[in-house]
Amino acid sequence: MTVGALLALSAQAQVQTFSKPEDAIRYRQSAYFIMGQQMGRINSELKSPSPNIAAIQRAAGIVESVFRLPGEGYVPGSDKGNTKPNAEAFTDPRVGEIARRTAGELAKLSEVAKGGDVAAVRTQFAAAADACKSCHDDFRNK
């Protein structure tokens, strides 16, 4: 088997499938919960008189990684029930644009955190949080 075939199989195995829409909703919510907890941890550290840069670095890395997960949970039928995204979140092409922007801002946050400059982390955290908020503002049930 070629390396390309192995990579294709590996990528295919990573695609999440759900037996029912409620499973997709729980999957999405779980990923968002983890991200929210880690963003909250960063925010708390940044408000501390002596921020723990190692904790910030770890949390930023987790958020960057976990951000890739919720998109798999936006499957047909998972727009109904106990869920926060509004109907437009499933069809509006701006969601993809916002997701790409947010992924970039989160990657920058992780990279800036590695540098250890708390002031730079504060600035990039604000940019990342703003990117997240832009989706919440337009595509979340109120």
Note to self: Residue under question is Ala99, and the condition is that it be touching a Ser or Thr at 6+ places or on another chain (Cβ under 6 Å) and open to solvent by less than 70 Å² (accessible area, probe 1.4 Å); does it hold?
What the structure shows: no
Note to self: Quick check on my filter: what residues within segment 76-89 are more than 13 Å from Asp138 (Cβ to Cβ) and surrounded by 14 or more Cβ atoms within 10 Å (Cβ to Cβ)?
What the structure shows: Ser78, Asp79, Thr83
Margin query: Looking for something small (Gly, Ala, Ser), open to solvent by less than 30 Å² (accessible area, probe 1.4 Å) and in contact with a Leu (Cβ under 6 Å, 6 or more places away or on another chain) - is there at least one such residue anywhere in segment 103-125?
Written below: no
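The values are calculated or read from the model by the stated rules, or taken from the named source; none is laboratory data. The model shown is predicted, which means the values in this text are computed figures rather than measured ones. In this analysis, Cβ positions are derived from the backbone assuming ideal geometry, glycine residues included, and neighbour counts consider all displayed protein chains. Surface areas here come from the heavy atoms of the whole protein model, side chains and all, with no ligands, DNA or RNA. Shrake-Rupley method; radii C 1.70, N 1.55, O 1.52, S 1.80 Å.
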